[in-house]
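Bear in mind these aren't lab numbers, they're just calculated from the coordinates by the rules spelled out. Because the structure is a prediction, the values reported are computed rather than measured. Here the Cβ positions follow ideal geometry from the backbone for every residue, glycine too, while neighbour counts run over all protein chains shown.
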Amino acid sequence: METHVDVAVIGAGQAGLSAGYYLRRLGREAGIDFVILDHAPKPGGAWQFRWPSLTLSTVNAVHDLPGMPFTDVLDDSAPTEVQAADAVPRYYAEYERRFDLPVRRPEHVRVVCDHGDHRVDDDPGSRSGPLTVETGDGGLTVRGIVNATGTWEHPFIPRCRGAELFLGRQLHTRDYTSAAEFAGRHVVVVGGGISAVQLLDEISRVTSTTWVTRREPQFRDTPYTAAEGRASVAVVEDRVRRGLPPGSVVSVTGLPLTPALRAARERGALHRLPMFDEITPDGVRWADGGFRRADVILWCTGFRSALDHLAPLRLRGPGGGITMDGRLATRVAADRRVHLLGYGPSASTIGANRGGRAAAAELIEHLTGN
């Protein structure tokens, strides 16, 4: 493994591959070399770990990577019911091959820190010099970082009184495989995002369920327009530019009321209860004394950005957010050597494409002084 390179892209999902494409395309004339470090054993990003029932027809969106349409890896006759965990990794693998992207795997990045003796404080102009990327195979010295680790490796489960006493099974969205495994058991589904309602729909077809959310879910039965998409991204972008945690995109966009969810609502599966106050050995209890027996608690409570390896760079502000700037808010305001993809407005697949181009261009400009 080379020990010196201009740019390290950490992660080979949609954002990392997009950044790699543009680093290859825009960095060639500038003489910028780069490497993509991916901890997964094979191509596919987080998609390779998704549950089998997530198909190309049920997934929220899979956007083409730049320069190569998704249909290049699918037969014209291929049904939309093909598993996303199969189709997307095949697409990513072909993309890496076609554009000769320098992906190294499995390569686990343990920590990123400053290399050598130079000034590091909150003035973005003072953060300079190389960075050390420590991996399982040793150290790599770089001049810039595009962090594209996403969120899959950092599932979030809120603390709840009595959780350790529960005698049933607790699992997170990332642990889900099939609704069939819950047959005959009462499942409490916690969460108000797209994954939560998709899994609630599946599970409620085979067994009894209770749906719990912190806020009243907002469904929409009209198509989501491009203008609304830009507006929702603008809200998230404004937050990260002010150094606030990104927040949930669904809280801005609402939940699309698909035909499957309409059917779920008709059979009563979308009846929602507010968040419970405690977990008991055999169920969940509310402050007013209400109780639901439970055999399983499925936490569809989302993910947080997997950024622990960047902790030595002290990027977070007092409130836990990271102040971002640049054209599309991918650049860390306090450290121009570092770009974050999959954080804030670049968290969606289409946002990752746009963010990949912006991050590559701005980092090349920074490294070349142009």
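Quick one: helix 84-98 against the long Cα principal axis of the chain, what's the angle to the nearest 10°, folded into 0 to 90?
For helix 84-98, the angle is close to 10 degrees.
Within the chain, what percent of beta bridges assigned by DSSP are antiparallel, to the nearest 5?
40 percent
Sorted from largest down, give the three principal axis spans of the alpha carbons of the range 300-370, whole angstrom values.
Principal-axis extents of the Cα atoms in the range 300-370, largest first: 43, 29, 18 Å.
Please turn the phi angles of the range 99-113 into ³J(HN,Hα) values with the Karplus equation 6.51 cos²θ - 1.76 cosθ + 1.60 (θ = phi - 60°), one per residue in order, whole Hz, x for glycine and proline.
9, 6, 7, x, 8, 10, 8, x, 9, 8, 7, 8, 7, 10, 8
What angle do you read, to the nearest 10 degrees and between 0 and 90, between the alpha-carbon axis of helix 226-241 and the longest principal axis of the chain?
70 degrees
Shape of the range 163-319 from its Cα gyration tensor (a ≥ b ≥ c, root eigenvalues): rounded if a/c is under 1.5, otherwise prolate when a/b > b/c, or oblate? Before the final figure, lay out the partial values.
Numbers: a/c = 2.07, a/b = 1.33, b/c = 1.56.
Oblate shape, in that a/c is at least 1.5 and b/c is the bigger or equal ratio.
Report Rg(Cα)/(2.2 N^0.38 Å) for the range 128-209, keeping two decimals.
1.68
Taking 51 Å as R0, compute the FRET efficiency from the Cβ-Cβ separation of residue 49 and residue 370 and round it to 0.05.
Approximately 0.80, to the nearest 0.05.
Pairs of Cα atoms under 8 Å, at least six residues apart: use those to get the relative contact order of the range 250-370, whole percent.
11 percent
Can you run phi through the Karplus equation (6.51, -1.76, 1.60; θ = phi - 60°) for the range 338-352 and list ³J(HN,Hα) in whole Hz, with x for Gly and Pro?
For the range 338-352, the Karplus curve yields 10, 10, 10, 10, x, 10, x, x, 9, 6, 7, 5, 6, x, 5 Hz.
Please give the helix 14-27 orientation as an angle from the longest Cα principal axis of the chain, in degrees from 0 to 90, rounded to the nearest 10.
20 degrees
Taking H as built 1.01 Å from N, whose amide H comes closer than 5 Å to the amide H of residue 172, not counting residues under 5 places away?
Here the answer is 299, since their amide H atoms fall under 5 Å of that of residue 172.
Using Cα springs under 10 Å in a Gaussian network model of the chain, which residue among 20, 355, 138 shows the largest mean-square fluctuation?
Comparing 20, 355, 138 in the GNM, the peak value goes to 138.
Springs between alpha-carbon atoms under 10 Å, Gaussian network over the chain: tell me which of 319, 31, 192 tops the mean-square fluctuations.
So, out of 319, 31, 192, the one fluctuating most is 319.
Please list, in chain and number order, the residues 5+ apart from residue 68 or on another chain whose amide H is under 5 Å from its amide H, with Hs placed from the backbone.
none
Enumerate the calculated ³J(HN,Hα) couplings along the range 146-152 in order (Karplus 6.51 cos²θ - 1.76 cosθ + 1.60, θ = phi - 60°), each rounded to whole Hz, writing x wherever the residue is Gly or Pro.
10, 8, 10, 7, x, 10, 4
Considering Cα pairs under 8 angstrom that are at least six residues apart, work out the relative contact order of the chain and quote it in whole percent. Present the calculation step by step, with values, prior to reporting the outcome.
Working: 755 pairs, mean separation 86.4, N = 370.
Relative contact order for the chain comes out at 23 percent.
Please compute the length gained on full extension between residue 208 and residue 275, using 0.36 nm multiplied by the number of residues separating them and subtracting their Cα-Cα distance. Walk me through the numbers before you get to the answer.
Numbers: separation 67, 0.36 × 67 = 24.12 nm, distance 1.81 nm.
22.3 nm is the gain from fully extending residue 208 to residue 275.
Hey, how much of the P(r) for the chain falls beyond 39 Å, as a percent of Cα pairs?
Value for the chain: 20 percent of Cα pairs lie more than 39 Å apart.
Can you list residues from other chains, or at least 5 along the same chain, whose modelled amide H is less than 5 Å from the amide H of residue 322?
For residue 322, whose amide H was placed from the backbone, the distant partners under 5 Å are 317.
What GluC sites (Glu not before Pro) in the range 232-320 are in a loop by DSSP, with at most 10 other Cβ atoms within 10 Å of the Cβ?
Taking the range 232-320 and a limit of 10 other Cβ atoms within 10 Å, no loop GluC sites (Glu not before Pro) are found.
Let me have the relative contact order for the range 144-300, percent, based on Cα pairs under 8 Å that are six or more residues apart.
37 percent
For the range 240-305, restrict the atom set to alpha-carbon positions and state the Rg and Dmax in Å.
So, for the range 240-305, Rg and Dmax equal 16.2, 44 Å respectively.
Positive end of the charge dipole of the range 119-278 (Lys, Arg +1 and Asp, Glu -1 on Cβ, about the Cα centre): tell me which of 128, 146, 211 has its Cα farthest that way.
Checked the options; the winner is 211.
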